[in-house]
Ligand SMILES: NC(=O)c1ccc[n+]([C@@H]2O[C@H](COP(=O)([O-])OP(=O)(O)OC[C@H]3O[C@@H](n4cnc5c(N)ncnc54)[C@H](O)[C@@H]3O)[C@@H](O)[C@H]2O)c1
């Protein structure tokens, strides 16, 4: 059983998709969850957690804005006295041909997907170091090193590869402080968002290459995050957990 009773979690990009499923599953397992996002969906997610008997607050938090991130972390500490779990999930994946990609396009994707991970990690570290305890889980992607995926996602692949490198290196630095950091590599997860930037043919091809023969659900991905956020994973750090129905094996 995954026991997160009285743990305090911050989930980024939790107003929709994988982040929403993560926030709900952490709450189901006892965590108090700060549901953060730039979209309004965060309110409904927090309400749904509360009406199921859990504890949640919804806050606007743009991961590219270090001051806003710090303010939300301070508020969470004030409200619940700790930050035990950070799930760096917020991400954007605008498909763009490489020869049409502008510096602005590139910077935006790196800013949300990679700098956002740094901003949120930096903000929770003093709290976790003081507690001598923390679990940080970063959502990467198979495109960050396992597969090429689409030629239209070069900036995205670079950002997600960066997340894996950051995870491995930071895990070494944070181990002595009682803090673990791991990355999850989702395969094709049916959130609607990834499907919007993929053609029918690409989705069919991805499913065709997935031994379990289907896309994953956000909740199946959330299960891996919940495990890495728990004491069951106390000796697991700096790793990448692939949750893809076998897609990257083929
Ligand atoms: N769905 C998949 O198949 C898949 C595969 C590999 C990796 N991923 C990764 O999983 C994560 C979640 O993806 P998803 O499919 O649930 O997408 P999604 O679009 O449903 O969710 C992403 C969330 O991030 C939020 N977000 C975007 N920019 C933000 C910012 N600046 N600050 C805070 N929040 C911001 C969005 O508002 C959205 O709610 C992403 O990091 C994505 O790259 C998804």
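The values are calculated or read from the model by the stated rules, or taken from the named source; none is laboratory data. Here the structure is a predicted model, which means the values were calculated and not measured. Ideal geometry is used to build each Cβ from the backbone, glycine not excepted, and the neighbour counts take in all protein chains shown.
I'm trying to understand the selection: among the residues of the range 186-218, which are over 22 Å from residue 96 (Cβ atoms), within 14 Å of the ligand (Cβ to nearest atom) and outside any loop (DSSP other than H, G, I, E, B)?
207, 216, 218
So which of 159, 141 is touching a helix residue (DSSP H, G or I) at 6+ places or on another chain (Cβ under 9 Å), within 11 Å of the ligand (Cβ to nearest atom), at pLDDT 95 or above and closer than 18 Å to residue 69 by Cβ?
It is 159.
Out of (1) touching a strand residue (DSSP E or B) at 6+ places or on another chain (Cβ under 7 Å); (2) more than 8 Å from the ligand (Cβ to nearest atom); (3) in a helix (DSSP H, G or I), what's the single condition that is false for residue 82?
(3)
Taking the condition surrounded by fewer than 16 Cβ atoms within 10 Å (Cβ to Cβ), under 16 Å from the mean Cα position of the chain (by Cα) and within 25 Å of residue 117 (Cβ to Cβ), does residue 192 pass?
So residue 192 does not fit the description; no.
For residue 56, work out the one condition from (1) surrounded by fewer than 24 Cβ atoms within 10 Å (Cβ to Cβ); (2) modelled with pLDDT of 95 or more it doesn't fulfil.
Going through the list (1) surrounded by fewer than 24 Cβ atoms within 10 Å (Cβ to Cβ); (2) modelled with pLDDT of 95 or more, residue 56 breaks only (1).
Please count how many residues of the range 109-130 are surrounded by fewer than 16 Cβ atoms within 10 Å (Cβ to Cβ) and over 19 Å from residue 36 (Cα atoms).
Total meeting the criteria: 3.
Taking the conditions exactly as written (touching a helix residue (DSSP H, G or I) at 6+ places or on another chain (Cβ under 9 Å), in contact (Cβ under 8 Å) with a residue 24 or more places away in the chain, assigned to a strand (DSSP E or B) and within 9 Å of the ligand (Cβ to nearest atom)), does residue 64 satisfy them or not?
No: the conditions fail for residue 64.
What number of residues in the range 166-189 are farther than 21 Å from residue 221 by Cα and surrounded by fewer than 18 Cβ atoms within 10 Å (Cβ to Cβ)?
Count: 7.
Output yes when any residue across the range 22-44 is within 16 Å of the ligand (Cβ to nearest atom), part of a helix (DSSP H, G or I), within 24 Å of residue 220 (Cβ to Cβ) and more than 18 Å from the chain's Cα centre (by Cα), and no when none is.
Step one: list which residues in the range 22-44 are within 16 Å of the ligand (Cβ to nearest atom), which gives 22-26, 33-44.
Filter once more, so that each one left must be part of a helix (DSSP H, G or I): 22-26, 41-44.
Those still in the list that are within 24 Å of residue 220 (Cβ to Cβ) too: 22-26, 41-42, 44.
Those left that are additionally more than 18 Å from the chain's Cα centre (by Cα): 44.
Yes, that holds for at least one residue.
Have a look at 105, 99, 74 and point out the one that is loosely packed, with under 15 Cβ neighbours inside 10 Å and within 16 Å of the ligand (Cβ to nearest atom).
So the residue among 105, 99, 74 that is loosely packed, with under 15 Cβ neighbours inside 10 Å and within 16 Å of the ligand (Cβ to nearest atom) is 105.
Quick one: how many residues across the range 4-19 are surrounded by fewer than 24 Cβ atoms within 10 Å (Cβ to Cβ) and either within 11 Å of residue 91 (Cα to Cα) or within 6 Å of the ligand (Cβ to nearest atom) (or both)?
The number of residues fulfilling the criteria is 2.
Taking the range 159-185 on its own, how many of its residues are more than 13 Å from residue 243 (Cβ to Cβ) and part of a strand (DSSP E or B)?
Final tally of qualifying residues: 3.
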